[in-house]
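Each remark here refers to the structure printed beneath this line.
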Amino acid sequence: MKIKIRKIQKSDNYELAAIIRSCFHDFNVSTAGTVYEDPTTDHLFELFKTEKSALFVAEENGILLGCCGIFPTEGLPENYAELVKFYLNKSARGKGIGRQLMEASINFAKETGYKSIYIESLPEFSTAVSIYEKQGFNYLEKPLGNSGHSGCNLWMLKDL
């Protein structure tokens, strides 16, 4: 299995939005106040034209498997970024692809000069949360910044 990790292309928008939304159904997660309902989910290529942001995509034989990125979310402390859009197609889970995507994102954050990475998630995404823990993210008591995702109730931070 030859997985290619690359930055998002405009042609990825539709398929990535479908992967992101399918994860909420796969894990039976409420969509209120989440990326599921966020209108930018359908326009990720355009969103990630934002300075100091990047969205990495995993692809195998032309098929998209998932994504993970870094974004300078409004309201975060200086030199903080948010790890965002970390979602994998059902067929790609449990194969180390998520770890590769996350490591590409963390490396980008370091190279860009960020000092800390913030994450918002939900307990239902326990597999992702366990990856965050293994990557050195620590729990916070309250959210940071203004992501607009009020449905999230887990917040974590990693110093780079």
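Structure data summary
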| quantity | calculated |
| --- | --- |
| Derived scalar couplings ³J(HN,Hα) [the stretch 96-104; Karplus, 6.51 cos²θ - 1.76 cosθ + 1.60; whole Hz; x for Gly, Pro] | x, 6, x, 4, 4, 5, 5, 5, 4 |
| Count of lysine pairs in the chain with Cα separation under 14 Å (8 or more residues apart, or interchain) | 11 |
| Other-chain or far-sequence residues with amide H under 5 Å of Lys7's (modelled H) | Val57 |
| Computed helical MRE - 222 nm, the chain, DSSP H runs ≥ 4 contributing -39500 (n - 2.57), nearest 500 | -8000 deg cm²/dmol |
| Compactness of the stretch 1-113 as Cα Rg over 2.2 N^0.38 Å, two decimals | 1.02 |
| Calculated P(r) tail over 20 Å for the stretch 58-141, as whole % of Cα pairs | 33 percent |
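Quick note: the coordinates plus some simple rules give every number you see, no bench work behind them. Quick caveat, the model's predicted, so the values are computed rather than measured.
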